Each structure stands twice: as structure tokens, then as C-alpha cells.
Amino acid sequence: MKTLLISLLPTTENFGIKYLHSYLLQQGHQSAILFIPRPDHMIKSILPAFIDAYAPGLIGCGFMSYEAPFAAYLGRLIKESRPETPFLAGGIHPTVDPEECLEYADMVSMGESEDTVLEIIDHLEQGRSLHEIPNLAVKQGAVIQKNPLRPLITDLDRLPFPAHFPPHSYVYHRKSILPMDMKLFRKYTRYDGKAYNIISSRGCPFSCSYCCNSFLSRLYGTRTIRTRSPHNVIAELRSSVEAFPDLILVNIHDDCFLSHSKEWHQAFVKDYKRWIDRPFIVRSTPLHLTEEKIRILKEAGLAWVTMGLQSGSERINREIYCRHVSNRKFLEATGLARKYGVSGYYDVILDNPFEEEGDVINTLRVLQKIPKPFQLQLFTLTFYKGTDLYDMVKEKTVQDADLTIKNYFTYRPTFLNKLVRISPLITSKMVDYFIEHRKEPRARFTLAAIHFFIVTFLEPLSYFYLMLKGFNSRLLLTMRIVIPTLKTKLGERRPRVTS
Ligand code: B12
Ligand code: SF4
């Protein structure tokens, strides 16, 4: 039986869908992926014919919350036009809200789903009932039945590698569904497909209240991190650089790559230098970034590290975000990144209704102390259903709390938010001046002008400089990734049709 997996991500870099696809192919099933990077309603006129031609026995769609309105549209479209083909929803949003998804999906697979999808296919092929399959949520009349979850996969090495350019894939491009070719793949993959994305572990040592990990750790009753062996990770990377020698960069998406043990990193680094030898990017919590680890990783090509400050108010971090990291610890970690020539990319959350003006000023005070140069990644606080913070806001009915799913990057253009944005590129004295004179029209006008200049001209230059530094001043290498990066950054800010 054939399965059609649908991805709604704006890029082809959908780990969940790729893992499922590789698993089904490895287990001897036929599977295809349909990427819909620019969802729009024109698909209505061509999707049913595509389904007829491919003739899947199961259609699965994986999505996040902001993609849910379009997933609902697709679900209804499939129900109306091809009611005989079951529509399965999976991924983080259906895991958090199976009830909502069952309004347009025949079934929902909650949580990690490799073995669940396999079991569904087996049951469909044998004409058996699906109702007892672990992880599945189904509607029985008006009642929703949620089956218990199967244990999380502990031996991640048993899973096949997710393909960079998956075989049997199609893309919705300019009102047509086309077989994916290299040109289309590059168009719809960040950095023109020249960065290889990989995950070496599942899970996070933290459980921040705004993050879906707070939901997942409650759902599974554990915060254990499951890791692949360094050998298995290197084997995946080796096969990818052999197949795509023009890969420039490796982007490691683990929630906290530095949570691996020192021994794990040592084994990884030894083979990485020998076989892969390309700059790589990681994410970490400040608590896990130690001198020893960053030194080991820098030697192997660590170019930059993404880390969260989120707020410079320790009260907010502790009481609202449940992040038990002091500002001192965060600053120490930024100092280590600087010391070892690793570029820093630091996350800050804005527009938090629990924050007062003084809290945002505290954030500015911490930012003033980070060794320059560094880059900020600013997010508007989004309350995802299922997270601890969402529940907290609902309970307390906090004023100004916008519970809709917003574009992450469109934070409010307030005076202090703008000051946060430009703070890496102005002097500490200027930050002091703007904080002190924040109510005065002259300061407000000057800040608006400087903000415009910095965002338009200086930020791209600073980004280029940080990349050059992270790539150990290798100008040619930096130039090769600059254009794809600019395209990617602009693309991430493009508004999307989602319903
Ligand atoms: C890597 C990652 C990305 C990658 C790739 C995303 C992807 N879908 O693969 C990139 C960088 C593209 C990304 C982008 C964003 N991300 Co992101 N991302 C993650 C991260 C850290 C890991 C996800 C992952 O790959 N895990 C490993 C794979 C194997 O697990 P999985 O995806 O969960 O898939 C399994 C199951 O969910 C299920 N499943 C998945 N798909 C399907 C489909 C079917 C049919 C079935 C049955 C099952 C199924 O089976 C899979 C295998 O076991 C998660 C946090 C987390 N820990 O989950 C956030 C997370 C998914 N991201 C999130 C967000 C908000 C975003 C952004 C919107 C934020 C932003 N920066 O703008 C963007 C959106 C896209 C854009 N505009 O580009 C949120 C989503 C919250 C929500 N409720 O929607 C998360 C949960 C983080 C958080 N804040 O809590 N992200
Ligand atoms: S450290 Fe990052 S990935 Fe981990 S729970 Fe916090 S926000 Fe989520």
C-alpha cells in the first residue's frame, strides 16, 4: 500500500516527515512526500487528480500550530473529494490538540510516530481495525478515544537516516504539482540546500514554560534525552557529504547539542574532522556550554552557537519561563563563545505581557555586557496551546495576552524593542542614553533614525562579519554561503497564506 506524506513547512527541511518516509521505505513500503511550501487554495483544482494518479492508501500530514489552518483546509478537501482515503494528522500540533484535528482528520498520531505509522499501514493492508493502535486518537461517534502512548524509541541508531533530498518527492510549485528536481529542491531549501540538517538526540534537559517541551515532558512523564551514537551520526554525515559534495555547512538541530557527554563529543569530533571537515552550527542552553566542550568542538569546526537569554529579568526567567539560568551564567557562556572564536546568536523574547518596563531594561543591561560582536534573534512571545505558559495565561486571564499564533518575527515596534534590536551594534553609552531619555521626543526620533540605518545597512554587514569569524576568516567559504543566507533570511520574513 502506498502512503503519501504531506509537509506544509516553507522549506523541505521537515525532519518528522523525512524520518517517517525513510522508515517506511526501509520497511519495504511505498512512500512519497508532497512538499507544499507556499500553501494556497489554488491547490484545490489539482490535488484530487494528483491523489488519483499516485493512488495512496493513506495520506498523512505533519504540522505545527501555525500550519494547522491550512492542514484543516487540506483535510476537508480530501474528505470531500477522496473520502475513501484515510487522512492521518501528526506532528506537534496534532499531538497537543488531537480533539481539534479530529474535526478534519480521520485519525491523529500523537507523539513519536515511526512505529505507529507502520502499524496503521499493516492494519489497513490486512483490513484490521485501527482502534487499538498505541498513540492513535480516533473518533468513535461523538467520543474521542485516545490510546496509550508506546514507549519512546531508546535506540535511535535503529532508525534509517532522513534523506537530504528525499527520493519519490513532489512539490507544489506555481499552481502545479511537480516531481522534485535539484532546481526545485534548491529553491525550497534554506541556504540553497548547501547546509545539511541533522539531529543527534531527541529531547531537552530543560522544560521552559513557553516551549512545547514542557508539554512533551508532561505527556511522556520524562525529560530523558535520547542520543544517537557518535558513530551513527558520523555515518549519516558521511553518506550525505558523499552524495552532496557541495555541502558547505552542517546545521545540528538538537534542542541542546552540548548536553552530550564530554566522551560523546570527543568521539564525534575525532571522526568529524577526518570525514566531514565542514563548519557546523549548534544550539545549547547556557548551563551546558562549558569551556572544555566548546574548546573540543571549536577544534572540529564549530562556527556558531545559538543560546537563549530570553529575558534579562531573572524573575521572569525563573517564575514565568521556568528557566533556571542566572544572568551571570548566561554571560559566562557568551564569554566562552567569544574566547574560542565561536560566533554567538542569542535569542530574546519580546512582547511578554508579564514583563514591565523595568524587566525589558534589565534585558538591555545584560545585552550591554555581552562581548561584541554577536547577533540577536528576537521573537514575539507566542502562547502555544499545551505549554505551561499557555495554561498560566488562561488561568490568570492576563491583560494584553494575545493567544493567537503570530508570525514569530513580527514583534511590536516599541521604543524599547527597537533599542533591544540595535543594542549589539551601538555603544553601551548610547544604550544608557536612550534608556535615560526614553520619554523625550528627540531621543525617540534619533532612535528611529539609527534603527532604520542599522537594520538596513549594519546588520547584514555584522552578520557577514560574524560568519567570517565563525568560519575562521575563510573569505571564500563565507562568500559561498552569504547569498543563500540572505535569501533565507528574507524568505523567513515573508508572510504566508495559511488558511
Ligand atoms: C528542528 C526544528 C525546526 C526546523 C525543522 C522543523 C521540522 N518540522 O522538522 C526549522 C528550523 C525549519 C524550524 C522552524 C520553525 N519552528 Co521549529 N522546531 C524544531 C525542533 C527543535 C525539533 C523538531 C524535530 O525535528 N524533531 C525531531 C523529529 C524527528 O521529531 P518531530 O518533528 O516531532 O516528528 C515526529 C512526530 O512529531 C511525528 N510526526 C511528525 N510529522 C508527522 C506527520 C505524520 C503524518 C505523522 C503521523 C506523525 C508525524 O513523528 C515524527 C517522528 O517520530 C522543535 C522542538 C522539538 N523539540 O520538537 C521545534 C518546533 C517544532 N518549532 C516550532 C516553531 C514555532 C518553529 C517556527 C514557527 C519558529 C520560527 N523560528 O519562526 C519555525 C517555522 C517555520 C518557518 N517559518 O520556517 C515549535 C512549534 C510549536 C507549535 N505548537 O507549533 C517547536 C515545537 C518548538 C517550540 N517552540 O516549542 N523548526
Ligand atoms: S531550552 Fe530551548 S528547546 Fe529546551 S525547553 Fe527551553 S526553549 Fe525548549
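Since every read-out is calculated from the coordinates, none of them should be taken as a lab result. Predicted model only: the values in this text are computed from it and were never measured. Glycine gets a Cβ as well: all are built from the backbone with ideal geometry, and neighbour counts include every protein chain shown.
Rounded to the nearest Å, what's the spacing between the alpha carbon centres of region 324-381 and region 16-73? Just the number, please.
Centre-to-centre distance over Cα atoms comes out at 39 Å.
Could you work out the pair-distance distribution P(r) of region 205-343 from its alpha-carbon pairs, with 5 angstrom bin width and percents rounded to whole numbers?
2, 9, 18, 20, 18, 15, 10, 6, 2, 0
Please list the radius of gyration and Dmax for region 351-394, considering alpha-carbon atoms only, with Å as the unit.
13.6, 39
How large, in Å, is region 2-158 by the Kirkwood hydrodynamic radius built from its alpha-carbon pairs?
Values: mean 1/r = 0.0638 Å⁻¹.
Taking every pair of different Cα atoms in region 2-158, averaging 1/r and inverting gives 15.7 Å.
For region 2-158, how many pairs of lysine residues have a Cα-Cα distance under 20 Å, where the two are 8 or more positions apart or belong to different chains? Don't skip to the answer; put the middle values down first.
On the way: 2/18; 2/79; 44/79; 79/139.
Total qualifying Lys-Lys pairs in region 2-158 comes to 4.
Under 5 Å between amide hydrogens, which residues at least 5 positions from residue 302 or on another chain qualify, with H placed 1.01 Å from N in the peptide plane?
Hits under the 5 Å cutoff: 280.
Provide the packing ranking of 66-72, 368-374, 104-110, 227-233, i.e. peptides ordered by the mean count of other C-beta atoms within 10 Å per residue, highest first.
On the way: 66-72: 21.6, 368-374: 16.9, 104-110: 24.6, 227-233: 18.9.
Per-residue Cβ counts within 10 Å, averaged per peptide and sorted highest first, yield 104-110, 66-72, 227-233, 368-374.
Show the residues, 5+ positions off or on another chain, whose built amide H is closer than 5 Å to the amide H of residue 33.
Here the answer is 5, 169, 170, since their amide H atoms fall under 5 Å of that of residue 33.
Compute log10 of I(q)/I(0) for region 335-437 with the Debye formula, placing one identical point scatterer on every Cα and leaving out solvent, at q = 0.10, 0.20 Å⁻¹, to two decimals.
Rounded to two decimals, the profile gives -0.34, -1.05.
Report ³J(HN,Hα) in whole Hz for each residue of region 111-123, in order, from the Karplus equation J = 6.51 cos²θ - 1.76 cosθ + 1.60 where θ = phi - 60°; Gly and Pro get x.
In residue order, the calculated couplings are x, 4, 10, 3, 6, 5, 4, 4, 5, 4, 4, 4, 5 Hz.
With axes computed from alpha carbons, what is the tilt in degrees of helix 262-271 against the longest principal axis of the chain, rounded to the nearest 10 within 0 to 90?
Roughly 80 degrees between the two axes.
For the chain, give me every cysteine whose Cβ has no other Cys Cβ within less than 4.7 Å, ordered by residue number.
Lacking a cysteine Cβ partner under 4.7 Å: 61, 101, 204, 212, 256, 322.
Separation of region 253-297 and region 105-155 by C-alpha centroid, Å?
Rounded to whole Å, the Cα centres lie 36 Å apart.
Test of understanding: ordering 208, 322 by Cβ neighbours within 10 Å, fewest first, what list do you get?
In order of increasing Cβ crowding within 10 Å: 322, 208.
Which entries in 293/369; 339/372; 270/298; 298/339 show an alpha-carbon gap greater than 20 Å?
Pairs exceeding the cut-off: 293/369.
How would you classify region 159-271 from its alpha-carbon gyration tensor, with a ≥ b ≥ c the square roots of the eigenvalues: rounded for a/c under 1.5, else prolate if a/b is greater than b/c, otherwise oblate?
oblate
How large are Rg and Dmax for the chain when only the alpha carbon atoms are used, in Å?
Spelled out, the Cα radius of gyration and Dmax of the chain are 23.2, 74 Å.
In terms of Cα to Cα distance under 20 Å, which lysines are near enough to residue 396, apart from those fewer than 8 places away along the same chain?
Cross-link targets: 385.
As a check on your grasp of the helix formula, calculate [θ] at 222 nm for the chain: sum -39500 (n - 2.57) over DSSP H runs of n ≥ 4, divide by the residue count, round to the nearest 500. Mind showing how you got there, number by number?
Values: 19 runs with 200 residues, N = 499.
Helices in the chain give a 222 nm mean residue ellipticity of -12000 deg cm²/dmol.
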